[in-house]
Every structure is written in C-alpha cells, then in structure tokens.
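Below is one structure, written out as structure tokens; comments come after it.
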Amino acid sequence: MFSNDSPILKSLIYLVLAISAALMITLAIVNDGSANDDHLEVSYLILAKGKILAHTDCWQCYHPKLYHQTVAKLWTTFEITSKENRILLAQLLNAFVGIFTLVIGLFFILGQPFNRLVQLLSFSMVAFNPRFIAIHAQATNDAFLIFFGTLMIYALYFFLKKKSPRFFFLLLFASILAGATKGNSFILMTGVVVVFLLKIISMQDLKFLIGKNYLGSLLIFVGVNFLAVGYFGGYFDNYQKHGHPFQYNTPVSELPDFLEKTNFRRPGVQSIASGYFTFRFFDMIKNPKITNEYGDNYPLHRTSVWSQLYGRSHFIYFDNWPAGKWQSNDPTIMNVGRVALILALIPSILFLIGLFKDLKMWWKLFTERSFNFLNENSDWMFSIFNLGFLAFIILFTAVGRDYSFMKIIYLFPGILAATILLLKGFDLAINFLKKSKIGFSIFQMSIFVLLIFYIIPILNLIRKLGSV
C-alpha cells in the first residue's frame, strides 16, 4: 500500500488526527450526559454549596476537584443555566482536552527515530482507540488526568535530553494539576521520582541546581508537589479528618488466594491464577461484551484482568455501559466487534514484543550492574512508567476484585510511554515483512481493516445518540 517513507504518510498522520478529533467532538455533542460515573453531580454540588465538598456528599465526591471546579466555573462564567448546555460544555471540554493530548502525542511521535509508516500506524492505534475516543466524550475527570499525565511524560523526556528549566517547570506544573485531578496521579509522580533517582545514581550528580540538574530538580519536585498537591488535591484535609490521604467510594477486600476461587461483590478477580494467568480470547469472541450485574450470569472473560483490558480497549460496546444507547444488541455490530477483537491481536502482540525488549534491557542492567545506558539516551524512562502502571493495575484489581476495577482508562495517563512500545513493535514487524511484498501488504491491510472496525461501532453509537 505505502512504502515506509512515502511523502503522503505525514499528511495521513495529520488526517488521522483530524478524523479522531471530529469523532470525539461529534460524540461529545450528541452524548446525552451518559458517563462511566456521574461526575456532573459533583459540579452541581459545588455550585449549590459554594464550598469544597466532603467525600461523603455524593458518590464521586471523594475525588480531587480540579475537573469539577473547572466545569462549575465555566458554567458560571458563561452564564450557562440549562441542563443540556451544561452537559454539552462539560463533554466538549473533555473532547478538546483529548485533542490536545493527541497533539502532544503527535509531536512526540514525529520526533522519534522511526520511519513514517511506523509513526502512522502507531499514532492511528492511539487516535482511533475506541475507549480513548469514548472517555473524551464523557463528562469525567479521566480526560484531564490523561492530558496531564501525557504532558508530564513529554516534559520529563525532553528535560532528560536537554536539561532545560522550562521543561522542568512544565513537568512540575503538569504534576500539580494531575495531583489535583485524581488520586492515581501518584503513579506518574512516583515514576518521575524513580527516573530522577536513577539519573542521580548513574551520573553521581549531587549538585543542587533548580531545573538544571537531577538532585535539585528531585528535591524541588517532591517538595512543591507535597505542599501544592497535598493542599489543592484535598489530601491534607483527608488525612486530618480521616487519618489517611486517600478516600474511595467502593469497598475493597483482602488479596485473593492463588488457586481457590472466591467472589467479592460482582465477580472479577476470583483467584490470582484465574485473574492474572488467563486470557479468555475465545470467550470474548463468543461474548463480545460484559454483563454488568450481580449474580452468576456473566461471561468467563469478566474474571480475567487481561481479557477485560483487551476487550474494553478494542470495542466501544464491550463495556456494555453506560446504560441506554451506549449498549448494543445489534448482531451486525457485535460481529464487527468480534472482527476487531481478532485483528487487534496483531498490534497487541507487537506491543508485547516492545515490552519484552524493554524487560530484556533491564534484565541486562541488573545482571551486569551497569548503569551506562541510562546516560546514552532517555528512552529507558518510558519503561519506568509502563511497569508502574502495570504494577498499579495488578494491585488495584487484586484489592478491588470487583470486575469494574479492570478499566483500560486507568492506564491511559501513561499512554505516551505505551506508545513507545507500539513504535518498537511496528518497527520490528515492518522490517521483518518488508522482504515479502505479499506479507507486507496483508499486514498493512489487516491494520487498516482493524481501524475501520474501530470506527464503525463509534459511528453507530453517534447515530444512536443523535437520533430522537
């Protein structure tokens, strides 16, 4: 279809951005206020009470309030009073935030040392990801955290390359806003701290220079975030009132047994073996959506973490939620979803290949005890965030155990780091297949069909939401 560096490829990358932006904006316009969770209630209560809310005031009130306060402020600034227009503004805000996230990702990808075809395929996988588009058409705080997380990783990457104060202060600014948006921003902050510590160890750089070396930057980063995020994120207040900085609205349990299956609330992780050492691919093809209810009537893949993350990522109707028009029983659309789940094995395998390449690099570090590669380039830092989010989702689903904890959107704040794995995987595949014109063409066509089958259910959802 295309040679690796065809001049048209860069134009196609910008076209992908435009189409993705159009899909997010259109879906945000027609969405009826449906969302994974009701975050608009928090903004309404902020307007009504005129003060910071307690975590017990509503179901989603335990979150830091940056997104909710921003929405409430926009409502009052533009004197928006109707329910419909308030919903529209809150959703459009997230759609444009999603576009900004993609723009950062695009600039980052175009600057990486991969040919244009690898860049196009990798960016398309992110820009057309059904769950990425869906979450940016809903009025939740996830879009803000995804944007600030992307900005943090972007700024850190260029700070390591150029050691410029402007990138350090951009990192610091994004980190504070991330912390004021959602609690799992601490995965990102921890990643930054680990990166700085490794650089200090590798370079033995113990000078204290703000924004110009790693020790000074680390101390400033930790100190400012502790004070600013602790205050603006409400963590100090939580600790003072409840004895711990984090609040959550869903019960958690003890860790599951390794083999013995037990249920907690709506069955999710029943045991370590069944939750983390399974991939229920054929059950997903048979049942390409979740059953959102208590009891024993649920597909087997609902109890497998990797199956849930996979399905939710590649088919917009897989979540079977929010209730109403975001659900579908259309046999044709279900078959489209099945094809997407089958074809999505290709980029998923390439993603894992990229991950294993990184793990091999770290294994060499620990076996040879050599930190030299930490000073050769900055690419290794992405592994810190990828492994951090991987560890988070394992721990989070193990203590939550309810299947609703298995959301791919929890990993999206680290999407820029994950994109590096896609770039590496696609680069390996294309270099391997370029000797075979037929194989190369089949590979490109398979990815093209997958992207089309991502978009068809999204267009179907837009049509349903837009109908009276």
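Of the helices (runs of 4 or more DSSP H) that lie entirely inside the range 1-79, those containing 3 or more residues that are open to solvent by 40 Å² or more (accessible area, probe 1.4 Å), of a type in the set (Val, Ile, Thr) and under 30 Å from Leu459 (Cα atoms) span 8-30. Identify the residue in the range 280-301 that is over 20 Å from Ile333 (Cβ atoms) and among the charged types (D, E, K, R) and, among all such residues, is modelled with the highest pLDDT. Once the filter is applied, the top-ranked residue is Arg280. Kindly indicate whether any position in the range 102-111 is part of a helix (DSSP H, G or I), buried (at least 21 other Cβ atoms within 10 Å of the Cβ), in contact (Cβ under 8 Å) with a residue 60 or more places away in the chain and in contact with a His (Cβ under 7 Å, 6 or more places away or on another chain). No, because not a single residue in the range 102-111 is part of a helix (DSSP H, G or I), buried (at least 21 other Cβ atoms within 10 Å of the Cβ), in contact (Cβ under 8 Å) with a residue 60 or more places away in the chain and in contact with a His (Cβ under 7 Å, 6 or more places away or on another chain). When the range 226-250 is limited to residues that are part of a loop (DSSP other than H, G, I, E, B) and in contact (Cβ under 8 Å) with a residue 60 or more places away in the chain, the one that is nearest to Arg338 (Cα to Cα) turns out to be Thr250. Taken over the range 265-293, the criterion of being touching a residue at least 24 places away in the same chain (Cβ under 8 Å), open to solvent by 20 Å² or more (accessible area, probe 1.4 Å) and farther than 15 Å from Gly400 by Cα is satisfied by Thr278, Phe279, Arg280, Phe281, Asp283, Ile285, Lys289, Thr291, Asn292, Glu293. Restricting attention to the range 408-439, the residues being farther than 29 Å from Ser378 by Cα and open to solvent by 30 Å² or more (accessible area, probe 1.4 Å) number 4.
Scanning the range 59-97 for residues that are more than 24 Å from Leu17 (Cβ to Cβ) and of a type in the set (Gly, Ala, Ser) returns Ala72, Ser82.
Of the residues in the range 190-198, at least one is small (Gly, Ala, Ser) and within 28 Å of Ile409 (Cβ to Cβ).
Reported count of residues in the range 328-349, each being under 15 Å from Arg312 (Cβ atoms) and not in a helix (DSSP H, G or I), is 2. Just one of the listed residues (Phe167, Phe159, Phe173, Phe186) is buried (at least 23 other Cβ atoms within 10 Å of the Cβ) and at pLDDT 90 or above, and it is Phe159.
Cβ-Cβ distances below 8 Å connect the following pairs, each with a first residue in the range 155-173 that is touching a residue at least 12 places away in the same chain (Cβ under 8 Å), a second residue that is open to solvent by less than 20 Å² (accessible area, probe 1.4 Å) and of a type in the set (Val, Ile, Thr), and a separation of six or more residues or different chains: Leu156/Val192; Leu156/Val195; Leu160/Val195; Leu171/Val192.
The one condition from (1) touching a residue at least 40 places away in the same chain (Cβ under 8 Å); (2) of a type in the set (Ser, Thr, Tyr); (3) surrounded by fewer than 21 Cβ atoms within 10 Å (Cβ to Cβ) that Thr397 does not meet is (3).
Scanning the range 404-436 for residues that are assigned to a helix (DSSP H, G or I) and of a type in the set (Ser, Thr, Tyr) turns up Ser404, Tyr410, Thr419.
Determine whether the range 128-141 contains at least one residue that is modelled with pLDDT of 95 or more, open to solvent by 20 Å² or more (accessible area, probe 1.4 Å) and part of a helix (DSSP H, G or I). Checking the range 128-141: not a single residue is modelled with pLDDT of 95 or more, open to solvent by 20 Å² or more (accessible area, probe 1.4 Å) and part of a helix (DSSP H, G or I).
The values are calculated or read from the model by the stated rules, or taken from the named source; none is laboratory data. Computed from a prediction, not measured in an experiment: that's the story for all the values here. For neighbour counting, all protein chains shown are included, and Cβ atoms are generated from backbone atoms with ideal geometry for every residue, glycine included. To get the accessible areas, we keep the full protein, side chains included, count just its heavy atoms, and leave off ligands, DNA and RNA. Shrake-Rupley method; radii C 1.70, N 1.55, O 1.52, S 1.80 Å.
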